[in-house]
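Asker: Following this message is one structure expressed as C-alpha cells.
Where a number appears in this text, it was derived from the coordinates with a stated rule and is not lab data. Everything quoted here is computed from the prediction, not taken from an experiment. Cβ placement follows ideal geometry from the backbone for every residue including glycine, while neighbour counts extend to all protein chains displayed.
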Amino acid sequence: MGKPTGFLEIDRKTSTKRAVEERILDYKEIELLPNPSETESQASRCMDCGTPFCHSGCPLGNIIPEFNDAVYEQNWKYAYEILSSTNNFPEFTGRICPAPCESACVLGINKPPVAIELIEKSIIEKAFSEGWVIPKVPSKRTGKTIAIVGSGPAGLAAASQLNKVGHLVTVYERADRPGGLLRYGIPDFKLDKSVVSRRIEVMEKEGIQFVTNCHIGTDIKLSKLHADFDAVLVTTGSTTPRLISAPGSDAIGIFPAMEFLSQQNKRVSNIPVQVNHKGEEYSLGDILATGKHVVVIGGGDTGSDCVGTSNRHKAKSITQIEVMPKPPVERAANTPWPNWPNMLRTSTSHDEGVTRLWSISLQEFVKDSNGNLKGLLIGDITYVAKDGKMESQVSNIREIPCDLALIAAGFLHTDHGNIVSELQDFGVQTDERGNLQAGQDYKSANSKIYIAGDARRGQSLVVWAISEGREAARNIDLHLMEKSTLEGKMVSSLDLN
C-alpha cells in the first residue's frame with residue numbers, strides 16, 4: 001500500500017471520453033488513455049484492506065493490490081509482470097470487461113471503488129509502448145501437438161499457455177482472421193482491431209500457427225484432428241442467437257444483432273462484406289441502419305453496441321426495448337456487496353442518443369403489404385398478485401415505427417453444425433442447454449478432446465473465456481506431461497454455473 005490515505009484524499013476518476021459530437025462521426029476508440037501520473041494517482045486509492053475481495057471478484061484471480069501498489073510506486077514494468085502472470089490479454093479486459101473486480105472492491109462498500117480497469121489498461125499500454133511485450137519463444141519443444149478449434153478469447157488464452165510450455169499449437173478459425181468475438185462482434189469504438197492484430201502478431205512470432213477460413217467438420221474433419229494431434233480443444237463460443245417468436249417474425253428487416261455488428265467490423269477494417277460466400281454468415285445481405293427507424297430488442301451489452309453502431313450509421317431514430325423492469329440507479333438490496341450489483345447501467349452508446357424502454361412485451365412484428373417490417377406492436381408489462389402468485393399483464397398496447405429490428409436477446413449455445421455432429425460420433429454430448437459437455441478438468445467423454453469457454457459454460461464474459469482457456473490449457477498439459485508448471489486455480493473453486 002503506497003499511500004495509506006489515498007482513498008480518503010483522491011476521488012475516483014475513469015477514462016476521459018471523446019466528445020459525443022466528435023466520436024459518432026467515426027469508429028475510433030471512445031476512451032482516451034490517461035497520462036501516467038493520473039493512473040498513479042488512481043492506483044493510490046487501493047486500500048490495505050486485509051482481505052482483497054477484488055481477487056475473488058476477478059475470474060482470472062488477478063493480483064490487483066500488488067499491481068496497484070507497483071503503479072503508485074512508478075514501477076510500471078513490475079506492475080506489468082504481475083498483471084501478465086494471471087492475464088494473457090489485459091489489453092482486451094482493460095477495454096471491454098464489466099469489471100466484476102470493482103464491484104467486489106472493499107472501498108466500494110461506502111465510496112466509489114478503485115478504477116481497476118483503467119489501471120489495467122494503462123499498465124498494458126505502457127508495456128507495449130516501452131517494448132516490454134515481446135515474443136517469448138519456448139527454449140525447447142515437447143513434441144506434443146494440440147489443435148484448438150476457435151480463436152476467440154478462450155482459444156487464444158489456451159494457445160498462449162500451451163505454447164509457453166513448449167507444445168506445438170495450431171489454431172483453426174472459420175473466419176478470415178483470428179480473434180473470434182474480439183474481431184467480429186465487438187465494435188471498434190470499444191476495441192480497435194489493431195489491438196487484436198497486435199496481440200496475434202506476438203503470438204505468431206512465438207510459434208503459434210493460425211489457420212483461417214477453415215470450417216472444422218467441413219474443410220477438415222474433426223476425425224483428422226483427432227488422429228493427427230495429441231489433444232484437441234474446442235473453443236467455438238456461443239454463437240447461436242436467441243430469436244424472438246412473435247407474429248410477423250418472417251418480416252423483411254429483422255436481423256440477429258451479431259450479424260449487424262460483425263458486418264460493420266468488416267467495413268471498418270476495409271474487408272468486403274461477402275454475401276452467401278463460403279465462410280461468411282451474411283446470407284441476408286448488407287444490413288445498414290442509415291435513415292431507418294431502428295429498434296434494438298434486448299438491453300444488454302450487445303444491444304448497447306447496436307445502439308452505438310446505429311448512431312454512427314445515422315439512423316432516423318433508435319429505440320431499445322427490454323423485457324425486464326428498469327433497474328435501480330443504485331445497487332439493489334438483493335445484490336449486496338461484494339456481489340455483482342443489480343443496477344442501471346448507462347453505456348457510452350446510450351449517451352450518444354437512444355430511447356430506452358423497460359418492461360416491454362413485444363406483441364407483433366408489423367409488416368406492410370410487401371412483407372417489409374414497418375413497426376412493432378408493443379405493450380407494457382405489469383405484475384399483479386393473483387391467488388397468492390404474481391402474474392404478468394400487458395397493457396397500453398401500441399405500435400412504434402420500425403423498419404430495422406436488431407435482436408440482441410443473447411445466445412443459446414455453440415453452433416450445432418458439422419463439428420457437433422462429429423463430436424457426438426466421438427461420444428461428446430450436449431447438455432440440456434445445448435452446450436458441449438465436459439468435466440471439471442475440461443475433458444469431454446473422449447480422452448483427447450477438451451471443451452472450454454462459452455461452448456462449455458454458455459454465453460458469458462470475455463474475462464471468463466480467458467480464464468477457461470487458461471484452465472483448460474493446464475489440464476491438457478497435465479494430461480500430456482503428467483505434471484504442469486502452468487498457473488491454475490483449484491478445480492473446486494471453478495464457477496461451473
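Asker: Where nothing but the Cβ of Lys and Arg (+1) and of Asp and Glu (-1) is charged, how large is the charge dipole of the chain around its Cα centre, in debye to the nearest 20?
Answerer: 300
Asker: Can you sort M258, M47, M390, M481 by how many other beta carbons sit within 10 Å, fewest first?
Answerer: M390, M481, M47, M258
Asker: Kindly flag which residue pairs out of K13/K266; K17/K111; K17/K121 have an alpha-carbon separation exceeding 25 Å in this structure.
Answerer: K13/K266
Asker: Just from its helices, what would the mean residue ellipticity at 222 nm be for the chain, if runs of 4 or more DSSP H residues each count -39500 (n - 2.57) and the sum is divided by every residue, rounded to the nearest 500 deg cm²/dmol?
Answerer: Result for the chain: -9000 deg cm²/dmol, rounded to the nearest 500.
Asker: What number, in percent, do you get for the relative contact order of the range 390-484 if the mean sequence gap of Cα pairs under 8 Å and at least 6 apart is divided by its residue count?
Answerer: Contact order relative to length: 20 percent.
Asker: Over its Cα atoms, what ratio of radius of gyration to 2.2 N^0.38 Å does the range 76-209 give?
Answerer: Normalised Cα radius of gyration, the range 76-209: 1.13.
Asker: Given axes a ≥ b ≥ c from the Cα gyration tensor, I'd like to know whether the range 425-475 is rounded (a/c under 1.5), prolate (a/b larger than b/c) or oblate.
Answerer: Cα axes put the range 425-475 in the oblate bin.
Asker: Size of the dipole of the range 243-409 about the Cα centre, Lys and Arg at +1 and Asp and Glu at -1 on the beta carbon, nothing else charged, in debye to 20?
Answerer: Around 260 debye, computed over the range 243-409.
Asker: While we're looking at this one, here's another question. With the contact rule set at Cα under 8 Å and sequence spacing of 6 or more, what percent relative contact order holds for the chain?
Answerer: 16
Asker: Please state the shape class of the range 156-228: rounded when a/c is under 1.5, otherwise prolate if a/b exceeds b/c and oblate if not, all from the C-alpha gyration tensor.
Answerer: It comes out oblate by the Cα gyration axes.
Asker: Which of C105, L25, C49 sits closest to the plus end of the dipole of the range 6-130, meaning its Cα is farthest towards the positive end, when Lys and Arg get +1 and Asp and Glu get -1 on the C-beta?
Answerer: L25
Asker: Continuing with this model, one more query. Could you compute the FRET efficiency for L32 and M343, with r as their C-beta to C-beta distance and R0 at 22 Å, rounded to 0.05?
Answerer: 0.30
Asker: Stokes-Einstein diffusion coefficient for the range 1-54 at 20 °C in a medium of 1.002 mPa s, Rh from the Kirkwood formula over Cα pairs: what value in µm²/s?
Answerer: For these conditions, the coefficient is 161 µm²/s.
Asker: Which is farthest toward the positive dipole end of the chain among P327, S310, M203, measuring Cα position about the Cα centre, with Cβ charges +1 (Lys, Arg) and -1 (Asp, Glu)?
Answerer: After comparing all options, I get M203.
Asker: How big is the Cα convex hull of the range 6-130 in projection, averaged over all directions, in nm²?
Answerer: For the range 6-130, the mean projected area of the Cα convex hull comes to 7.9 nm².
Asker: Quick check: net charge around T290, other residues with Cβ under 10 Å of its Cβ, Lys/Arg +1 and Asp/Glu -1?
Answerer: Neighbour charge sum, excluding T290 itself: +4.
Asker: Once fully extended, how much extra length lies between K111 and Q429, figured as 0.36 nm per residue of separation less the alpha-carbon to alpha-carbon distance?
Answerer: 109.8 nm
Asker: Can you sort L436, L181 so the residue with the fewest Cβ neighbours within 10 Å comes first?
Answerer: L181, L436
Asker: Follow-up. Would the range 147-302 count as rounded, prolate or oblate if I go by the C-alpha gyration tensor, calling it rounded below 1.5 in a/c and otherwise prolate when a/b exceeds b/c, oblate otherwise?
Answerer: Note, shape of the range 147-302 comes out prolate.
Asker: For the pair H55 and R12, how long in nm is the line joining their label points, each one 7 Å along Cα→Cβ?
Answerer: For H55 paired with R12, the spin-label model returns 2.2 nm.
Asker: Let me understand the range 390-451 better: what is its radius of gyration from the alpha carbons, and its Dmax, in angstrom?
Answerer: 19.6, 56
Asker: So how long is each side of the range 243-409 along the principal axes, counting just the alpha-carbon atoms, biggest first, in Å?
Answerer: Taking max minus min along each principal axis of the Cα atoms, the range 243-409 gives 55, 43, 29 Å.
Asker: Could you order peptides 163-170, 224-231 by the average number of other Cβ atoms within 10 Å of their residues, highest first?
Answerer: Top of the packing list down: 163-170, 224-231.
Asker: Which of the lysines could be linked to K443 by a straight reach, that is with a Cα gap under 23 Å, when you skip same-chain ones fewer than 8 residues away?
Answerer: By straight Cα distance, K443 reaches K144, K164, K221, K224, K483, K489.
Asker: Now for a different question. At 10 °C and a viscosity of 1.306 mPa s, what translational diffusion coefficient does Stokes-Einstein give for the range 324-374, taking Rh as the Kirkwood radius over Cα pairs? Give it in µm²/s as a whole number.
Answerer: 112
Asker: Here is a follow-up. What's the local net charge at G166, with K and R +1, D and E -1, over the other residues with C-beta under 9 Å away?
Answerer: +4
Asker: I would also like to ask the following. In whole percent, what relative contact order does the range 6-130 give with Cα contacts below 8 Å and a gap of six or more residues?
Answerer: Taking the mean separation of contacting Cα pairs over the length of the range 6-130, I get 29 percent.
Asker: Excluding same-chain residues fewer than 8 positions from K77, which aspartates and glutamates have a Cα within less than 14 Å of its Cα?
Answerer: Straight-line reach from K77, under 14 Å: E40, E66, D69, E120, E125, E130.
Asker: While we're on this one: At 0.890 mPa s and 25 °C, plugging the Kirkwood radius over alpha-carbon pairs of the range 366-497 into Stokes-Einstein gives what diffusion coefficient in µm²/s?
Answerer: Result for D is 130 µm²/s.
Asker: Follow-up. Taking neighbour counts of Cβ atoms within 10 Å as a proxy for exposure, in what order, fewest first, do Y78, Y450, Y383, Y184 appear?
Answerer: So the ranking, lowest neighbour count to highest, is Y383, Y78, Y184, Y450.
Asker: Tell me, for the chain, which Cys residues have no other cysteine's C-beta sitting closer than 4.7 Å.
Answerer: Isolated Cys, the chain: C46, C49, C97, C105, C214, C306, C402.
Asker: While we're on this one: Give me the net charge of S44's neighbourhood, meaning all other residues with Cβ under 13 Å from the Cβ of S44; Lys, Arg count +1, Asp, Glu -1.
Answerer: Every neighbour counted, the sum reads -3.
Asker: Taking a quarter of the surface of the Cα convex hull of the chain, what do you get in nm²?
Answerer: Taking a quarter of the hull surface, the average projection is 25.2 nm².
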